[in-house]
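Following: one structure in structure tokens, then a few remarks.
The values are calculated or read from the model by the stated rules, or taken from the named source; none is laboratory data. For clarity, every value in this text was computed on a predicted model and none was experimentally measured. Cβ placement follows ideal geometry from the backbone for every residue including glycine, while neighbour counts extend to all protein chains displayed. In case anyone asks, the SASA skips ligands and DNA or RNA and just uses the protein heavy atoms, side chains included. Shrake-Rupley method; radii C 1.70, N 1.55, O 1.52, S 1.80 Å.
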Amino acid sequence: MSRKALIAANWKMYKTPVEANVFVDAFLPLVAGHTRDEIALFPSPVLLPTVIGAAKGSNVAVGCQNIHFAEEGAYTGETSIGQLIAVGGTHTLIGHSERRQYFAETDEIVNKKLHTALKHGVVPIVCIGEVLEEREAGKTASVLKTQVTGAFAGITPEAAAPIVIAYEPVWAIGTGKTATPEIAEDAHKVIRAEVAKLLGADVAAAMRILYGGSVKPDNVTSLMAQPDIDGALVGGASLKPDSFEKIVKY
Ligand code: PGA
């Protein structure tokens, strides 16, 4: 089963509109004609119109770092799926570890957001991963299984095709400590097996599972060489066009 890799940039709370424009103007020529992998940028919501406008007609998709599960309503500070779609966004991250850690997102909230994204045809990237204490306590596999099961509650095999998972061990995010390719591959296998249990072998074999956590130009190749790693979700090293280009072209 061949899965087209997805290389995604999570810009977190960085860049102004001017800086975002400068990035896209420099980045698009660097990856023009690159069709081996899908490329997506995830800027802050306030940057979406700028980045989507600048990337229009290119091979670079743009999405939100977070959406609310409600269609609309009195949810101060949140972004709705309809707002994302209206400005031309096609993807969304869901349940990033920083959302879980600092904004109290639970598997139940992640599940609601996943249903909302699928209902509206937005490609969801569901982020999961264990914290250091869980890894050290030998609980990684059970944490990942719980997160996958929680995120996928009520999702049918028929509806699951657009879903992308990002495995991001929390201890590797922004720390410079990447999981070794073997550690990452082991986790990806656990995740794919769990998806197979829940949604069947065919859905699991087709589902893309990205790795995230200190992905850099010098470690991306060995990570991408693993059979169950189908792309990367990149934070710090996605903020500069030449660095992200090198990762895209692993
Ligand atoms: P990092 O972030 O590449 O800076 O570790 C990854 C992420 O949080 O998605």
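For the stretch 73-83, 3J(HN,Hα) computed residue by residue from phi via the Karplus equation (6.51, -1.76, 1.60; θ = phi - 60°) reads x, 7, 10, 3, x, 9, 10, 8, 5, x, 5 Hz, glycine and proline entered as x. Helical runs (DSSP H, four residues minimum) scored at -39500 (n - 2.57) apiece and divided by the length of the chain put the mean residue ellipticity at 222 nm at -12000 deg cm²/dmol. Using a probe radius of 1.4 angstrom, the carbon and sulfur fraction of the accessible surface of the chain is 58%.
Distance from the C-alpha centroid of the stretch 150-208 to that of the stretch 38-53: 24 Å, rounded to the whole angstrom.
Efficiency by 1/(1 + (r/R0)^6): what FRET value for residue 35 and residue 149, r their Cβ-Cβ distance, R0 = 35 Å, to the nearest 0.05? Spell out each step's value before the answer.
Details: r = 35 Å, r/R0 = 1.00.
It comes to 0.50.
Determine the per residue accessible area of the stretch 1-52 with all protein chains present and a 1.4 angstrom probe, expressed in square angstrom. Mind showing how you got there, number by number?
Values: 2450 Å² over 52 residues.
Here the per-residue accessible area is 47 Å².
Looking at the chain from every direction and averaging, what is the projected area of its Cα convex hull in nm²? Across all orientations, the chain yields a mean hull projection of 12.3 nm². Full extension of the chain segment joining residue 70 with residue 249 gains 60.7 nm, where the gain is 0.36 nm per residue of separation less the Cα-Cα distance. Amide hydrogen proximity for residue 232: with H placed 1.01 Å from N in the peptide plane, the residues at 5 or more positions away or on another chain lying under 5 Å are 6, 7, 8, 211.
Label positions at residue 177 and residue 78, each projected 7 Å from the Cα along the C-beta direction, are separated by 3.4 nm.
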